[in-house]
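Note sheet for the following structure.
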């Protein structure tokens, strides 16, 4: 199995002097292609900070990140933005949908930002796998929380990313909808051959992953198979 993402000696410090917070401490991590990872830890443990650095949304204070052997933080900002858009899909707790755009427009936005023609055969497959075809002309404020999260997942999958990063994607959902969304994530990743890294504080959600990464006080404590 190949390594898709690699973190080498990642450190992250916020602030300076006595007010500084050492959020991540010498993190070394290899993410294998096609595996579903859950990152767990208490609030303030550094798990979301780690996810944001793994996805190139935040830069480490020191260390290296490699996505498909490319050193992410040696790229120019524009190059990094293009790499993120093309190779990484993001799903957040707050959905981050554009309210003035329809469901279909939201799904297509990352591809249009790249100036590319959408692969409608692939997108149709994503739409049907997530059960949102009848909602394509709706606007986000006309959808339930679960439906919004399905749209966010569809948007993340539309550009065929190698990596799907999810930060507490079920945090605003009830238990039934949370389980549905998690199963959809797993099925979608398997169907479209993607690697998932998901941050959660919920042990039941973490139990659905292939591997569980435990973070405590900025340190990588363990990586265990489920």
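The values are calculated or read from the model by the stated rules, or taken from the named source; none is laboratory data. On a predicted model such as this, the values are computed, not experimentally measured, just so you know. When we count neighbours, we look across all protein chains shown, and the Cβ atoms used for this are built from the backbone with ideal geometry, even at glycine.
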For region 3-19, check the following and say yes or no: at least one residue is under 22 Å from residue 184 (Cβ atoms) and in contact (Cβ under 8 Å) with a residue 12 or more places away in the chain. yes
Hey, can you tell me all the residues within region 28-60 that are under 14 Å from residue 223 (Cα atoms) and in a helix (DSSP H, G or I)? 47
Criterion first (farther than 15 Å from residue 157 by Cβ, part of a strand (DSSP E or B) and in contact with a helix residue (DSSP H, G or I) (Cβ under 9 Å, 6 or more places away or on another chain)) does residue 25 satisfy it? no
So residue 124 fits all but one of (1) surrounded by fewer than 17 Cβ atoms within 10 Å (Cβ to Cβ); (2) assigned to a helix (DSSP H, G or I); (3) at pLDDT below 85; what number is the exception? (3)
Restricting to region 162-191, count the residues that are closer than 17 Å to residue 149 by Cβ and under 15 Å from the mean Cα position of the chain (by Cα). 15
All conditions in (1) modelled with pLDDT under 90; (2) part of a helix (DSSP H, G or I) are true of residue 104 except (1)
Do the conditions hold for residue 68, that is, is it under 17 Å from the mean Cα position of the chain (by Cα), surrounded by fewer than 18 Cβ atoms within 10 Å (Cβ to Cβ), on the phi < 0 side of the Ramachandran plot and in contact (Cβ under 8 Å) with a residue 12 or more places away in the chain? no
Which members of region 107-119 meet the condition of being in a helix (DSSP H, G or I) and more than 18 Å from the chain's Cα centre (by Cα)? 112, 113
When you go through (1) more than 24 Å from residue 53 (Cα to Cα); (2) under 19 Å from the mean Cα position of the chain (by Cα) one by one for residue 91, which number turns out not to apply? (1)
Out of region 94-104, which residues are surrounded by fewer than 16 Cβ atoms within 10 Å (Cβ to Cβ) and more than 20 Å from the chain's Cα centre (by Cα)? 99, 100, 101
